[in-house]
Structures are given as structure tokens and as C-alpha cells.
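Have a look at the structure below before the remarks.
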Amino acid sequence: MRWQGGRRSSNIEDRRGSRAGPRLVGGGVGTIVLILVAMYFGVDPTPLLEGMQSGGASSTGSRPTAEDLENDPLADMVSVVIADTEDVWTEIFAAQGRRYEAPTLVMFTGATRSACGLGQAAMGPFYCPADNKVYIDLSFYDQMRTRFKAPGDFAQAYVIAHEIGHHVQNLLGISGQVHQMKQRLGTAEANALSVRLELQADCLAGVWALRADKARNILEAGDIDEALNAASAIGDDTLQRQSQGTIVPESFTHGTSAQRQRWFREGLGSGDPDSCDTFNVDRI
């Protein structure tokens, strides 16, 4: 991915100086693994965060300077990707007569407070609609490379673009509508709605990728394969097969590997958010 030389976002908050050590009540390694499997790429982590002790996790940080970023290539890449999402979605919203409100990306270590509760690194990246912030412990990218076998800078960018997709859904009111509908449904039906929400975020990540490439020529050979590999690695069927040896479709909340790849490709092929309407198609 050609990210070097791109504009850096000012909407970055660095909380990595705080290394608080909160724990899950009644938890442990098994609980952390279940959270990681269930909530990777989740839109609302509030239910998962209930029962966590707040410890001394930080809720404040600072904006990294240009010099800070120059000395931290991974954080620098993240800042450039966030800037690219800002440029792409500002243009898309403007074309629709709307104003895009950029989120803040929070980098943290171990644990941090959010308006949705306490966030832990073991949860993976998440978006909090209550404060319009994306949270990520950059060590998660090590997990992508080793645990999920999904290396590469564009795979890392896909993770961010997916979470920004959830922010777009929140701005458009989609997330709120889905949340209200889920309150009136049984577990299986609510899970099915969550799948459609997640697949739409994958599609919106594809929209970003195509438009950012047209604007700045960011894609290199192999980049799309990196994103598709990452999408496959965190499909519900793949994760369930690895963790429990069986697949339970009615418990899916994010979509199968094939579905996640398909909807990323849909956005990448069209560059049009209207093509990402996962809620009005029979086959996802």
C-alpha cells in the first residue's frame, strides 16, 4: 500500500502512555478469546464491557505531533489511512448534500475508557457510537499477522476502514434503526440483522478503497488479496470452526468468510455506497 506521503489526520488521540491493567470479572483467557471471536469488528461493545472493572484505564490522551508519527511508522500509517477516509467520506457526503463529521481514532495500550464502557485490547478494534470514536490497540495488528494469518499494511487499513464504515452507518442513522429493531426480535433474528450491519461496513470499506485509490493511487499488487484474506480470516464460520470445531449459523453476528469477501468486493467494484444496501437483498 502506498500510504507514505499522504496527508495525516489531526483526529488522532494517543493514549498509549497509560498501561492500566483492568480485568474481566469472572473472566480469564477463555473469556478473552470468546470476546475476541464474538466482537471483532463489532459496532457496539457495550454488552461485552458490562462487568469489567474500570481500574485506572485512561480516558485522555494527546494528539501526536508530526515528529511523533515520523518515529512511529505504524501510527503514521494509521493516521494517513484515517485522513484518506476523511477525504473520501467528506466528498461522498457533500455529493448528497450532507456534512461528514469525522470521528476520532484513539490509540491505546491494554485498556481505555470510552463512552461505551471499558475497552480492552483483547476485544480487538471497535467503534463507539456514543462518542464517535474508533478505538484500537495497535498490538492487534500482531494478532492479525500471527493468530489470524492476515498480514500486510492493506489488511491493517481494511480493519480501520471497516470501523469507519460503522461510523458512517451511525451518521446515517442505520445503526440506531438496527439497534431498535433488534430489541423486538429473538436472538437468531437479531443476530441476522447484526450480520447485515457488519457486511454493510465491509462493503463501505471497499467503497473507501476504490475511491482512495482513484484519488491517490494507493493500491499495490497484492493489496486486495491482503484485505480479502483478512475478511476471510474473521468470518464467523471460520472462527467457529477453529474455536469449537462446529458451525452454528444462527449464532453468526458478522457473516461468513465468503460473505465478508463478497461485500468488500461489492464496494470495491462499485465505489458507490448505494450498492451496499445489505438490508434489502434476499441473498447476502
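Each reported figure results from applying straightforward, stated rules to the coordinates on display, with no laboratory input. All of these numbers come straight from a predicted model, not from anything done at the bench. As a convention, Cβ positions derive from the backbone with ideal geometry for all residues, glycine included, and neighbour counts pool all protein chains shown.
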| query | By a straight-distance test (C-alpha under 15 Å), which aspartates and glutamates pair with Lys133 as possible cross-link partners, with residues fewer than eight away in the same chain excluded? | reply | Glu13, Asp14, Asp44, Glu86, Glu101, Glu163
| message | Restricting to bridges with both residues inside the chain, how much of the DSSP beta-bridge set is antiparallel, in percent to the nearest 5? | response | 55 percent
| task | Multiply the residue gap between Gln180 and Asp131 by 0.36 nm, knock off their C-alpha separation, and tell me the result in nm, one decimal place. | result | 15.8 nm
| query | Tell me, what ³J(HN,Hα) does each residue in the range 67-74 have, in order and in whole Hz, if you take phi through Karplus 6.51 cos²θ - 1.76 cosθ + 1.60 with θ = phi - 60° and put x for Gly and Pro? | reply | 5, 4, 5, 4, 8, 9, x, 5
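Can you tell me the relative contact order of the chain? Whole percent, Cα pairs under 8 Å, sequence separation 6 or more.
Rounded, it is 20 percent for the chain.
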| said: If I stretch the segment between Thr60 and Ser270 completely, what's the gain in nm (0.36 nm per residue apart, minus their alpha carbon distance), one decimal? | reply: 71.7 nm
| query | Among Lys149, Lys182, Lys133, what is the fewest-to-most ranking by other Cβ atoms within 10 Å? | reply | Lys149, Lys182, Lys133
| Among Gln143, Gln240, Gln96, whose mean-square fluctuation peaks in a Gaussian network model of the chain (Cα, cutoff 10 Å)? | Gln96
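For the residues Glu266, Glu198, what sequence is obtained by ranking on other C-beta atoms within 10 Å, fewest first?
Details: Glu266 20, Glu198 28.
Ascending number of Cβ neighbours within 10 Å: Glu266, Glu198.
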| said: For the pair Val281/Ser139, report the inter-label distance in nm, with labels modelled 7 Å from Cα in the Cβ direction. | reply: 3.8 nm
| message | Can you compute 3J(HN,Hα) from phi for each residue in the range 87-92, using the Karplus curve 6.51 cos²θ - 1.76 cosθ + 1.60 with θ = phi - 60°, rounded to whole Hz and x for Gly and Pro? | response | 5, 5, 6, 4, 5, 5
| note | Most exposed to least, judged by fewest other Cβ atoms within 10 Å, Ile284, Ile160, Ile82 sort to Ile284, Ile160, Ile82
| Per-residue ³J(HN,Hα) for the range 5-12, Karplus 6.51 cos²θ - 1.76 cosθ + 1.60, θ = phi - 60°, Hz, x for Gly and Pro | x, x, 5, 9, 7, 8, 8, 10
